[in-house]
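A short worksheet on the structure shown next.
The values are calculated or read from the model by the stated rules, or taken from the named source; none is laboratory data. All of these numbers come straight from a predicted model, not from anything done at the bench. Cβ placement follows ideal geometry from the backbone for every residue including glycine, while neighbour counts extend to all protein chains displayed.
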Amino acid sequence: MAETKTKPTEMKVADFIHAAPDAVRREDAKTLVALMSRITGEEPVMWGPSIIGFGSYHYRYESGHEGDACRLGFSPRKAELVLYVLNGGPEQEAQLARLGKHKTGKACLYIRKLADVDMAVLEEIIRGALASMDARYPR
């Protein structure tokens, strides 16, 4: 069975953010670190080479594959911010409709820049994602 590559690393989050080539992406990343730290009560940790994660949980699939992942996280990629906060819940549809300019994937929320979204709605989404994780994977 393949080993998961996304694990906590020793890289400092501040160093990773500082190395981002785009000033807007750096500032947005700092804002998200502060927001997610406040909501989760967790310090940010680098997971793999590019994900800033908050907290962790252990999962096990019916196939027997298991591992650890961050409870919530994001990655300040070149083209956009990728937030790992979507859970497919019906409440998120209404929140996403109020969020502002964004795209979604299965579990990912893509935002070009935080100035494009309503930060209060984004906070609702993050809080809901954490509550969903806590219900599914109790601490």
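The table for this structure:
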quantity	calculated
Residue that is surrounded by the fewest Cβ atoms within 10 Å (Cβ to Cβ), among those in the range 30-54 that are touching a residue at least 40 places away in the same chain (Cβ under 8 Å) and not hydrophobic (A, V, I, L, M, F, W, C)	P49
A135, sole failed condition from (1) modelled with pLDDT under 95; (2) surrounded by 13 or more Cβ atoms within 10 Å (Cβ to Cβ); (3) among the aliphatic types (A, V, I, L, M)	(2)
Pairs where the first residue, in the range 85-102, is within 15 Å of A131 (Cα to Cα) and the second is hydroxyl-bearing (S, T, Y) and part of a strand (DSSP E or B), C-beta under 8 Å, 6+ apart	L86/T104
Candidate set: the range 71-115, residues that are among the basic types (K, R) and closer than 17 Å to A34 by Cα; chosen: the one surrounded by the most Cβ atoms within 10 Å (Cβ to Cβ)	R71
Residue identified as under 25 Å from H102 (Cα atoms) and either among the hydroxyl-bearing types (S, T, Y) or under 11 Å from the mean Cα position of the chain (by Cα) (or both) among S56, S75, S63	S75
Condition check for G64: modelled with pLDDT under 90, of a type in the set (G, A, S) and closer than 25 Å to V121 by Cα	no
